[in-house]
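Asker: Got a structure for you, questions after.
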Amino acid sequence: MQQWIMDRQLKQIVDNCTTMHFGRKNPASISSLHNTNIKKFSCERDLGITISNNLNGTKHISKIVKKAEGVLALLSKTFVSHSPAIYLRLYMAMVWPHLEFASPVWNHYTAQDIDLLETVQRCATKQILSIRYLRYSERLASLGIDTLKLRHLANDLVNIHKIINHCANNHLQHLFELHVSNACGHAYKVRKQHNSHDFRKHSFTLRVAETWNKLPASAVSCLDIAPCKISMLPEIRQHYT
């Protein structure tokens, strides 16, 4: 690494380098470049995602919830109309992206994180005066949208569909191994991986396998993404709402 930096005359980037140590038995040794110790962090932001050394998405979720709440506050101050159609389009265009960007990477699994994310949508749907006093599930049904938890699950399934059908980057193909079986179900079932840690159990490749394997063939056989997602939604609504 040091030689690579010297060859490219990038010595000044050493001050911007950081290290993060993962694993319970990691000795967390001090790293250095050009006799300068590299700073150690337990949490770092990369490509828009806040990554913690315990691989927990709680800090990232806290940050995106604050951003989404700020956008909601701006919407309520800027737009007078509380028409369901107009407000929903604004919410989908300006708030959802904060809550869904790269969700397969940081997808929540603790009750606290799930509730924190869902609070944003609860508040947003209460801004619509005509349905303010309905229950949360009734407000969602009136607007024709799903809970964020279900939407994140749908994003997981769409991404595994892309990977298996070679619609994603080639370097992701190794994440899943097809499980050839004579049992009932579709031909794209994936083999469930073993794990010995809780944080690994909730990672993308493990948490999505069981749900994917339970989908009917009609929901996974379509190569186009949009029709595939439309076919998946009724199935996951039936089993996860």
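The values are calculated or read from the model by the stated rules, or taken from the named source; none is laboratory data. Quick caveat, the model's predicted, so the values are computed rather than measured. So basically every Cβ, Gly included, is an ideal-geometry build from the backbone, and we count neighbours across all protein chains shown.
Asker: Just for the stretch 93-104: of the residues that are in a loop (DSSP other than H, G, I, E, B) and in contact with a helix residue (DSSP H, G or I) (Cβ under 8 Å, 6 or more places away or on another chain), which one is surrounded by the fewest Cβ atoms within 10 Å (Cβ to Cβ)?
Answerer: If we take residues in the stretch 93-104 being in a loop (DSSP other than H, G, I, E, B) and in contact with a helix residue (DSSP H, G or I) (Cβ under 8 Å, 6 or more places away or on another chain), then F101 is surrounded by the fewest Cβ atoms within 10 Å (Cβ to Cβ).
Asker: Out of L172, L90, which single residue is part of a helix (DSSP H, G or I), in the same structural domain as L206 (by the TED database) and either touching a Lys or Arg at 6+ places or on another chain (Cβ under 6 Å) or not hydroxyl-bearing (S, T, Y) (or both)? Steps first, please.
Answerer: Working: L90 fails: in the same structural domain as L206 (by the TED database).
One residue alone meets the criteria, L172.
Asker: While we're looking at this one, here's another question. Considering each residue of the stretch 101-157, count those that are more than 20 Å from A226 (Cα to Cα), among the aromatic types (F, W, Y) and out of contact with any Lys or Arg (no Cβ under 6 Å at 6 or more places or on another chain), and give that number. Even if it seems obvious, please write down each step before you answer.
Answerer: Applying the first criterion (more than 20 Å from A226 (Cα to Cα)) to the stretch 101-157 yields 105-143.
Those left that are additionally among the aromatic types (F, W, Y): 106, 109, 133, 136.
If we keep only those that are out of contact with any Lys or Arg (no Cβ under 6 Å at 6 or more places or on another chain) as well, we get 106, 109, 133.
Within the stretch 101-157, residues that are more than 20 Å from A226 (Cα to Cα), among the aromatic types (F, W, Y) and out of contact with any Lys or Arg (no Cβ under 6 Å at 6 or more places or on another chain) number 3.
Asker: Here are the criteria: (1) assigned by the TED database to the domain that holds R132; (2) in contact with a Ser or Thr (Cβ under 8 Å, 6 or more places away or on another chain). Tell me which single one G70 does not satisfy.
Answerer: It fails just one condition, (2).
Asker: Sticking with this structure for a sec: Could you say whether any residue in the stretch 147-168 is closer than 29 Å to F22 by Cα, at pLDDT below 75 and under 21 Å from the mean Cα position of the chain (by Cα)?
Answerer: Yes - at least one qualifying residue is present in the stretch 147-168.
Asker: Kindly indicate whether any position in the stretch 177-187 is among the acidic types (D, E), in a loop (DSSP other than H, G, I, E, B) and either over 20 Å from the mean Cα position of the chain (by Cα) or on the phi < 0 side of the Ramachandran plot (or both). Working first, answer last.
Answerer: As a first pass, look at the stretch 177-187 and keep what is among the acidic types (D, E): 177.
Now drop any that are not in a loop (DSSP other than H, G, I, E, B), which leaves 177.
Still in the running and either over 20 Å from the mean Cα position of the chain (by Cα) or on the phi < 0 side of the Ramachandran plot (or both): 177.
Yes: the stretch 177-187 contains one or more residues that are among the acidic types (D, E), in a loop (DSSP other than H, G, I, E, B) and either over 20 Å from the mean Cα position of the chain (by Cα) or on the phi < 0 side of the Ramachandran plot (or both).
Asker: Something else about it: So which residues in the stretch 107-117 are crowded, with 16+ Cβ neighbours inside 10 Å and not in a loop (DSSP other than H, G, I, E, B), if there are any at all?
Answerer: Within the stretch 107-117, D113, I114, L116, L117 meet the criteria.
To keep it simple, each residue is scored yes or no on (1) hydroxyl-bearing (S, T, Y); (2) crowded, with 18+ Cβ neighbours inside 10 Å; (3) out of contact with any strand residue (DSSP E or B) (no Cβ under 8 Å at 6 or more places or on another chain); (4) assigned by the TED database to the domain that holds A219.
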{"site": "T119", "(1), (2), (3), (4)": "yes, no, yes, no"}
{"site": "A124", "(1), (2), (3), (4)": "no, yes, yes, no"}
{"site": "L129", "(1), (2), (3), (4)": "no, no, yes, no"}
{"site": "R132", "(1), (2), (3), (4)": "no, no, yes, no"}
{"site": "S137", "(1), (2), (3), (4)": "yes, no, yes, no"}
{"site": "A141", "(1), (2), (3), (4)": "no, no, yes, no"}
{"site": "D156", "(1), (2), (3), (4)": "no, yes, yes, yes"}
{"site": "N159", "(1), (2), (3), (4)": "no, yes, yes, yes"}
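Asker: Ok, one more. Identify all residues within the stretch 208-241 that are of a type in the set (A, V, I, L, M) and outside any helix (DSSP H, G or I); write none if there are none.
Answerer: V208, L215, L223
Asker: Which ones in the stretch 31-49 are touching a residue at least 12 places away in the same chain (Cβ under 8 Å), on the phi < 0 side of the Ramachandran plot and over 33 Å from the mean Cα position of the chain (by Cα)?
Answerer: Once the filter is applied, which keeps residues that are touching a residue at least 12 places away in the same chain (Cβ under 8 Å), on the phi < 0 side of the Ramachandran plot and over 33 Å from the mean Cα position of the chain (by Cα), the stretch 31-49 yields L33, T36.
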